[in-house]
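Student: My questions all concern the structure below.
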Amino acid sequence: KGISDDEVRIGYLADMSGTYSALAGSGGLEAAKMAIEDFGGKVNGKKITIVSADDQNKPDIGANKVRQWIDVDNIDMVAGMVSSAVTIAVNKVVEAKDKISIVSGSASSAITNQYCTANSVHYVYDTYALAHGTGEAVVQEGGDTWFFLTADYAFGHAMEGDVTSVVKASGGKVVGGVRHPLATNDFSSFILQAQASGAKIVGLANAGADTTNALKTAKEFGVVQAGQKLAGLLIFLTDVYSLGLETTQGLQLTTGFYWDRTPETRAWAERYKERTGAMPTMVQAGIYSSVNHYLNAVKAAGTDATEAVMSQMKKTPINDFFATNGQIRDDGRMIHDMYLAEVKKPSESQSEWDLYKILRTIPADKAFRPLSESKCKLVAGR
Amino acid sequence: MTTQTLDSSAMDKSVSKNRMLYAVLLFLGLVAPLAIYPVFLMKVLCFALFACAFNLMLGYGGLLSFGHAAFLATGGYITGHVVMQWGVTPEIGILIGTLCSAAMGFVFGKLAIRRQGIYFAMITLALSQLVFFLYVQAPFTGGENGLQGIPRGELFGVISLADNMPMYYFVFAIFVLGFALIHRTIHSPFGQILKAIRENEPRAVSLGYDVDKYKLVAFVISAGLAGLAGSTKSLVFQLSSLTDAHWHMSGEVILMTLLGGVGTIFGPVVGAATVVTLQNYLSQGPLASWVPVILGLIFVICVLIFRSGIVGEIQKFAKKNFS
Amino acid sequence: MAELLGFPPQVLFGQLLIGLINGSFYALLSLGLAIIFGLLNIINFAHGAQYMLGAFVAWLGLKFLGVNYWVSLILAPLVVAAIGIALEKTLLRRLYKEDHLYGLLLTFGLALMIEGSFVHFFGVSGQPYSVPQALTGGNNLGFMFLPTYRAWIIVASLVICFGTWYMIERTKLGAYLRAGTENPQLLQAFGINVPLLITLTYGYGVALAAFAGVLAAPIYSVSPVMGSNLLIVVFAVVVIGGMGSIMGAIVTGLLMGLIEGLTKVFYPEASTTVIFLVMIVVLLVRPAGLFGKEA
Amino acid sequence: MSDNEHKTGVEQLRVADLHAFYGESHILHGIDMKVNRGELVTLLGRNGSGRSTTLKSIMNMVGKRTGSIMINGNETVGMPAHQIAHLGVGFCPEERGIFSSLNVEENLMLPPTVRSGGMSIEEIYEMFPNLYERRMSQGTRLSGGEQQMLAMARILRTGANLLLLDEITEGLAPVIVQTLAEVLTKLKEKGLTIVLVEQNFRFAAPLADRHYLMEHGSIVEEIASHELEDKMDILNTYLGV
Amino acid sequence: MSQDFVLETQSLTKEFKGFTAVDDVNLQVQRGHIHALIGPNGAGKTTCFNLLTKFLTPTRGTILFNGKDITHSSPTDIAKMGMVRSFQISAVFPHLTVMDNVRIALQRKLGTSFHFWKSDKSLDVLNDRAMELLEEVDLGKWADTITVEMPYGRKRALELATTLALEPELMLLDEPTQGMGHEDVERVMHLIKKVSAGRTILMVEHNLHVVSSLSDRITVLQRGAVLTEGPYEEVSQNPDVREAYMGSEAA
Ligand SMILES: Nc1ncnc2c1ncn2[C@@H]1O[C@H](COP(=O)(O)OP(=O)(O)OP(=O)(O)O)[C@@H](O)[C@H]1O
Ligand SMILES: Nc1ncnc2c1ncn2[C@@H]1O[C@H](COP(=O)(O)OP(=O)(O)OP(=O)(O)O)[C@@H](O)[C@H]1O
Ligand SMILES: [Mg+2]
Ligand SMILES: [Mg+2]
């Protein structure tokens, strides 16, 4: 028992330079470091260290890195993780080596569903939550026929699937869709197909640069003028910031965190902005919160042994600027309140980062897939 | 006559010298995992085999294939698939993967060998890109996700490879076999004709050799061995992904071969070890995001001033100074 | 007519038109490759990187110096050509006597370096570049909405392509180029400054790539990797066309764009691979390519 | 340098201590020769004795060269290759160098005019009717002999007054060889200076004013035309005529 | 009757875009002869050669080798049947030794050329035969030389030895003395004479000296068609030939 080799070692894995680098990337690393500093740099008198690596959104690079971290560098916990494909691969390694991973960046709800492991926590959000937040809101406003532009890998598929069931459940219809490779730069022919489909809503089951490119092309081809609406299913603060309010105004989106929601969020976000020059995305905020929660668990359990820490994390509720009464379920899903937000009009925005207004709160128990529907091997049959 | 006897005894000497060298290397290979992280060593071996296979084409066939990634990936995916879905033992999985790569090599070869030089390079590149896109979409590859959690399984159904040590010796054995096959091919009647074709193709035709067939056989051997490397690699890392199929991988194997020394038997091994070590080392440090730039720079330097590669330069140096 | 071959005409024509736009890029890039290959006997693997540089010069110019699109359209190709010329004079030049494959490998290395450093500084996610004011908006063609800017791309690249063709096939300068392609040493012995000719040709080919890059900037976001994947497709186009003729490069480029567009209508899954499939068929039927001279 | 009587005494080409290299290999070992305006001089020698290399060195088409080459009073050793032609030099290479991507007429028109007074295209077609007949076909589609004619013809157009001709009778039918002999005689009458590399001694002998005999990259003998009879045995040992 | 002819063409024709380079040529090469093909420039000699060796496809007509129709066979097959071409530019494997050059040619008959799993020591059985061939063309003492290092004339000799290794029935020589000095011409003539024993040779040649002293029979082409045919004495007296080809030189 106790702290293995007298150090708590955290590995931060994320896309540091690619399509998804803005939403976690170096900002996420900074957030993790903030958490460690705020914790005092030590837990139970033992040093906390952090190393980081760029997975380039490639499962093999991520998994190999983590394998080496665990085999050679004795890493105890892996944080960050963006691309769902990388996450699933890494979680396999983490499970086989019996260490811990806390996923903040990935979206696929499959991570705690068919791919769930006892060694992983999915912390911030997932496609189920996004689908139920944004999808439901859009259908309720009359957007009952959908066409999907889907990123062709784990995340896109999960997103499309989750939204499809929401749309169908609310009486809508999916009339078609196309799957595009990750990091596509020419969306014109896809947009053309979306236009030809006659659907009321063009759902963007993609993220990062793919979403921004699709939005741009849609604008060029006059999709909105022609009477169709776009639904960005996974949009981060940084996307809105870089596209500008002109292009994005009125978009509805679901988020797990917005900096300008409460005094606590504002206080933390300002500190973060001072260090990085930008306001945090929900992922970056979640990374801080998750690292903090992990360190608390290590401290309470008095060891960094996997099983003890996992059970400590699961039995302690999370209460910080990020989540109120957050709770890690047996399948690894951390459930907390989510928020439906709308992008402000340029005229409504007061300052550079004043981008969203929160429409409503989606309570934790509604936001995430109930265990009763889960295919996770850890909870099935319950 | 005297000159001839002299010659042959000199040859015997160099052969026995070579024997010594091989024995030493074999020994080093056997003890290496005691000192170095075995997964890293296995990676080096896989890439070394890959580069040797590639070198058979470029160094001995005079054909620059810019599509060898396709074979590496095919071996990996097929092995991963059959091991996971059919539950076969690792050696059978590797065999099937290798054969599939060789078959793909046959198809590539049939198409590309009709053109020479730069065209050959471009056609193989384009074909491998086609394969890349097929693998992006094909259901059995898992697309962008790749195949994850491939079990290493039990060798012949008895020896578990889950631990790194037994896996290492398995990989080492495969490497030695592959390397021996390449060595033999180069020094075989077939290798002689290959050399002749590289020297003067029209003349070989006029002597009645069907050069396309020879090139094709060489290409199939090369593709098969590249597949063998990929198959083995997928078991080592328990994963196969699109990275292996991407054309950057084809470029990397060229770099390894060029850096080590094109047309030398050990060049590709040295080149692969250097590149893999470099990547591993750099990806930890502050230069991580400069890795592609550094690889590019090495490329440029090799092409401009270092064309015979590390081993080639050493051989030149040795020739100059010791003979 | 409500349907055409079982598809609504707007889909068919729309995709064809989009195909033509992509084809314009293929044509510009394969033309540049063909010209460079002609005289230097080098497959310029850095072509994709130079295309990207064109776009980046435009973007950087706008961001830091306030240089507008129209100026960039002229300036960026010049700047990139100047970089290209420097590379030719310092590096490529040393390889003319070696196997042509070394040229391919050198430019491959250069491409890695250029792209790698841009990734380091700018990341792979794209930078936005807006459509110039004069070319915003679009026309409803009835079967589709055609953004003005995309129409401009077609016009601009056709003009450049055919202008280049005329220059090479119909003028004395072109005769020098073709002669230099075959036997530079002899051409020089006839009194023509071949090293200069080579340098300028490389510069021109590179400028074509950069020009395409500037054209692309407003519609595809400006990203360090925008050229590398495109380049492989262009290679396939080049194999299909055969390296023999300038016209071949242009026509094949446009044709492949259209074929790709059609595929998106009939069997979208194959749209990324169709050009490679065409390449295979062409190789089987005419190994020298559609316009290539018989070997 | 032997002091032979030269035609006009105006020096057109003077080569002094010329060394030439292809990469590592040293091919020419100190060539000295001098050609006066209006003279026709041949370079004779075995295969590989360095005759073509001498012509190529004058055109700066070898790897490296040292020594001195004066053309019309200009030192050209430091000159880039493309400037040499403009001193009025025309070169017809051994391998003909017809451009296949140009048609016959484009081939003919390719070399830039370097002096006034070249032949007009009509005159050329008159001299080589074969070329006129096939003027629109691709250069290398011509037969071997036709290509040889084209290679010769195109430098006549440029107005060069110093012609370096390498094995121009190679592969030509005997009738054409006779025509060429007539052409060379005419050019000589017009005052052009010609350096001729030939295997065909029977072709060269009656045309030449002087002969240089080469062996292993050096000039071993200089023979004026009137001395030929006397020195036949020397020629025999070197050439096996 | 046709068995007397090793090679026969019937109405062989080659057209290039409206231009007839070879026009209805009926050529018969008798076994054991040295047969020369001459004619003015552009007469179609090289084209004819290219047709025979399948570097070009005939527009019309048939080619018979030993009475067998080979009009549609591949160059490799033709070589295997025993009809071998020598190249105008010297065709050797430059970076192999002289001995290896010949061994490559001999190796084919061994039938192990695809055996990539065998050691190359298995080829040593060919050494004696290779040496024999080299001696035949006076290259015995050059056997271990790297081929590039040999003088031009020797390379031609080596090429001949390599060709002989295939034991060809019919050898096609394209201007075998082009670009050679007198000494080498004599040497090559001598060699051709020597190796012609027991085989048939068809050659294109401009050097009348060579043609007159070697050939048993001559075919003169003009403008793609056969002008006349016969032994040298006969052909050289033909006024048409003198006008179109030899000029006043033939004596
Ligand atoms: N490009 C080259 N690289 C290396 N060596 C060369 C090259 N060209 C010629 N040589 C060598 O230079 C020497 C002289 O060659 P050159 O062509 O000048 O001879 P030549 O007298 O013209 O004979 P030929 O009758 O063959 O034309 C020869 O030994 C030849 O092998
Ligand atoms: N590929 C081709 N396309 C068009 N015309 C051709 C082609 N090849 C040859 N010719 C023409 O056919 C004619 C015969 O050419 P060929 O090369 O057979 O002549 P040749 O008898 O060998 O002459 P030489 O003695 O000059 O080499 C020439 O007029 C030539 O221009
Ligand atoms: Mg010569
Ligand atoms: Mg000919």
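The values are calculated or read from the model by the stated rules, or taken from the named source; none is laboratory data. Quick caveat: nothing in here was measured; it's all calculated off a predicted structure. Counting neighbours? That spans all protein chains shown, and the Cβs are built from the backbone with ideal geometry, glycine included.
Student: Any idea which of (1) in a helix (DSSP H, G or I); (2) more than 14 Å from chain D (Cβ to nearest Cβ); (3) farther than 23 Å from B:TYR119 by Cα; (4) in contact (Cβ under 8 Å) with a residue 24 or more places away in the chain is the one C:ILE219 doesn't satisfy?
Tutor: Going through the list (1) in a helix (DSSP H, G or I); (2) more than 14 Å from chain D (Cβ to nearest Cβ); (3) farther than 23 Å from B:TYR119 by Cα; (4) in contact (Cβ under 8 Å) with a residue 24 or more places away in the chain, C:ILE219 breaks only (1).
Student: Which members of the stretch C:193-216 meet the condition of being crowded, with 22+ Cβ neighbours inside 10 Å and at the interface with another protein chain (Cβ under 7 Å from one of its Cβ atoms)?
Tutor: Correct list: C:VAL194 only.
Student: Please tell me if E:LYS121 is farther than 17 Å from B:GLY208 by Cβ, within 14 Å of chain B (Cβ to nearest Cβ) and within 16 Å of ligand 1 (Cβ to nearest atom).
Tutor: No; evaluated as a whole, the condition is false for this residue.
Student: Taking the stretch E:84-105 as the search range and keeping residues that are closer than 27 Å to E:ASN50 by Cβ and part of a helix (DSSP H, G or I), which one is farthest from the other protein chains (Cβ to nearest Cβ)?
Tutor: So, considering only residues that are closer than 27 Å to E:ASN50 by Cβ and part of a helix (DSSP H, G or I), the one farthest from the other protein chains (Cβ to nearest Cβ) is E:VAL102.
Student: Next question. Does the stretch D:148-192 hold any residues that are free of Cβ contacts under 8 Å to residues at least 24 places away in the same chain and within 16 Å of ligand 4 (Cβ to nearest atom), and which are they?
Tutor: Listed by number, the residues that qualify are D:PRO174, D:VAL175.
Student: With D:GLY88, D:GLY9, D:GLY45, D:GLY50 as the choices, which residue is away from ligand 2 (no atom under 16 Å from the Cβ) and without any contact (Cβ under 8 Å) to a residue 60 or more places away in the chain?
Tutor: D:GLY9
Student: Count, please, the residues in the stretch A:270-327 that happen to be of a type in the set (Phe, Trp, Tyr) and touching a helix residue (DSSP H, G or I) at 6+ places or on another chain (Cβ under 6 Å).
Tutor: Of the stretch A:270-327, the ones of a type in the set (Phe, Trp, Tyr) are A:272, A:288, A:294, A:321-322.
Filter again for touching a helix residue (DSSP H, G or I) at 6+ places or on another chain (Cβ under 6 Å), leaving A:288, A:321-322.
Number of matching residues: 3.
Listed here are the residues, each with its yes/no results for (1) more than 8 Å from every other protein chain (Cβ to nearest Cβ); (2) without any contact (Cβ under 8 Å) to a residue 24 or more places away in the chain.
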residue: B:TYR214; (1), (2): no, no
residue: B:SER241; (1), (2): no, no
residue: B:HIS246; (1), (2): yes, no
residue: B:ILE254; (1), (2): no, no
residue: B:PHE266; (1), (2): yes, no
residue: B:VAL276; (1), (2): yes, no
residue: B:GLN279; (1), (2): yes, yes
residue: B:VAL293; (1), (2): no, yes
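Student: Considering only the stretch E:73-85, I want to know if a residue exists there that is within 18 Å of E:GLY224 (Cβ to Cβ), surrounded by fewer than 22 Cβ atoms within 10 Å (Cβ to Cβ) and more than 16 Å from ligand 3 (Cβ to nearest atom).
Tutor: Our first condition is that a residue be within 18 Å of E:GLY224 (Cβ to Cβ); within the stretch E:73-85, this holds for none.
The answer is no, given that none of the residues of the stretch E:73-85 is within 18 Å of E:GLY224 (Cβ to Cβ), surrounded by fewer than 22 Cβ atoms within 10 Å (Cβ to Cβ) and more than 16 Å from ligand 3 (Cβ to nearest atom).
Student: Just one of (1) exposed (fewer than 15 other Cβ atoms within 10 Å of the Cβ); (2) at pLDDT 85 or above; (3) in contact with a helix residue (DSSP H, G or I) (Cβ under 8 Å, 6 or more places away or on another chain) trips up D:GLY240, so point out which.
Tutor: Tallying (1) exposed (fewer than 15 other Cβ atoms within 10 Å of the Cβ); (2) at pLDDT 85 or above; (3) in contact with a helix residue (DSSP H, G or I) (Cβ under 8 Å, 6 or more places away or on another chain), D:GLY240 fails exactly one: (2).
Yes/no per residue for (1) touching a strand residue (DSSP E or B) at 6+ places or on another chain (Cβ under 9 Å); (2) at pLDDT below 85; (3) within 11 Å of ligand 2 (Cβ to nearest atom):
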{"residue": "E:ASP23", "(1), (2), (3)": "yes, no, yes"}
{"residue": "E:LEU27", "(1), (2), (3)": "yes, no, no"}
{"residue": "E:HIS35", "(1), (2), (3)": "yes, no, no"}
{"residue": "E:ILE38", "(1), (2), (3)": "yes, no, yes"}
{"residue": "E:GLY42", "(1), (2), (3)": "yes, yes, yes"}
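Student: Only one of these conditions is not met by A:VAL72: (1) at pLDDT below 90; (2) under 25 Å from B:ARG152 (Cβ atoms); (3) touching a helix residue (DSSP H, G or I) at 6+ places or on another chain (Cβ under 7 Å). Which number is it?
Tutor: (3)
Student: Testing D:ILE98 on (1) away from ligand 2 (no atom under 16 Å from the Cβ); (2) in contact (Cβ under 8 Å) with a residue 24 or more places away in the chain, one condition comes back false. Which one is that?
Tutor: Result: D:ILE98 fails condition (1) only.
Student: Moving on. Of all residues in the stretch A:128-176, how many are in contact with a Pro (Cβ under 6 Å, 6 or more places away or on another chain) and among the aliphatic types (A, V, I, L, M)?
Tutor: At the first step, the residues of the stretch A:128-176 found to be in contact with a Pro (Cβ under 6 Å, 6 or more places away or on another chain) are A:152.
Remaining after also requiring among the aliphatic types (A, V, I, L, M): none.
Of the residues in that region, 0 qualify.
Student: Also, I was wondering about something else. Got a sec? Which helices (runs of 4 or more DSSP H) wholly within the stretch B:41-147 have at least 1 residues that are more than 18 Å from B:GLY230 (Cα to Cα)?
Tutor: B:90-112, B:117-137
Student: Here is a list of conditions, (1) crowded, with 19+ Cβ neighbours inside 10 Å; (2) within 9 Å of chain E (Cβ to nearest Cβ); (3) more than 30 Å from E:GLU169 (Cβ to Cβ), and B:ILE182 meets all of them except one; can you say which number that is?
Tutor: (2)
Student: Exactly one condition in (1) in contact with a Leu (Cβ under 7 Å, 6 or more places away or on another chain); (2) within 27 Å of A:ASN206 (Cα to Cα); (3) modelled with pLDDT of 85 or more is false for B:GLU144; which is it?
Tutor: (3)
Student: Next question. Every residue in the stretch D:183-230 that is part of a loop (DSSP other than H, G, I, E, B), crowded, with 21+ Cβ neighbours inside 10 Å and at pLDDT 85 or above, please.
Tutor: Passing the criteria: D:LEU192, D:GLU198, D:ALA208, D:GLY217.
Student: Among the residues of the stretch C:128-145, which ones are of a type outside the set (Gly, Ala, Ser) and facing another protein chain (nearest Cβ under 9 Å)?
Tutor: Listed by number, the residues that qualify are C:PRO128, C:VAL131, C:THR136, C:ASN140, C:MET144, C:PHE145.
Student: Within the stretch E:213-251, track down each residue that is among the hydroxyl-bearing types (Ser, Thr, Tyr) and either more than 12 Å from every other protein chain (Cβ to nearest Cβ) or surrounded by 18 or more Cβ atoms within 10 Å (Cβ to Cβ) (or both).
Tutor: Scanning the stretch E:213-251 gives E:SER213, E:SER215, E:THR219, E:THR228, E:TYR232, E:SER236, E:TYR245.
Student: Please note which helices (runs of 4 or more DSSP H) are completely contained in the stretch C:1-106 and include at least 3 residues that are of a type in the set (Val, Ile, Thr).
Tutor: C:9-40, C:69-90
Student: Just the residues that are at pLDDT below 90 and out of contact with any Pro (no Cβ under 9 Å at 6 or more places or on another chain), please, taken from the stretch B:164-182.
Tutor: Of everything in the stretch B:164-182, just one residue is at pLDDT below 90 and out of contact with any Pro (no Cβ under 9 Å at 6 or more places or on another chain), namely B:PRO166.
Student: Select the helices (runs of 4 or more DSSP H) contained entirely in the stretch A:173-282, then report the ones holding at least 2 residues which are without any contact (Cβ under 8 Å) to a residue 40 or more places away in the chain and facing another protein chain (nearest Cβ under 10 Å). So that I can check it myself, show each step before the final result.
Tutor: Values: elements: A:188-197, A:208-220, A:237-243, A:245-248, A:263-276.
Per the criteria, A:188-197, A:208-220.
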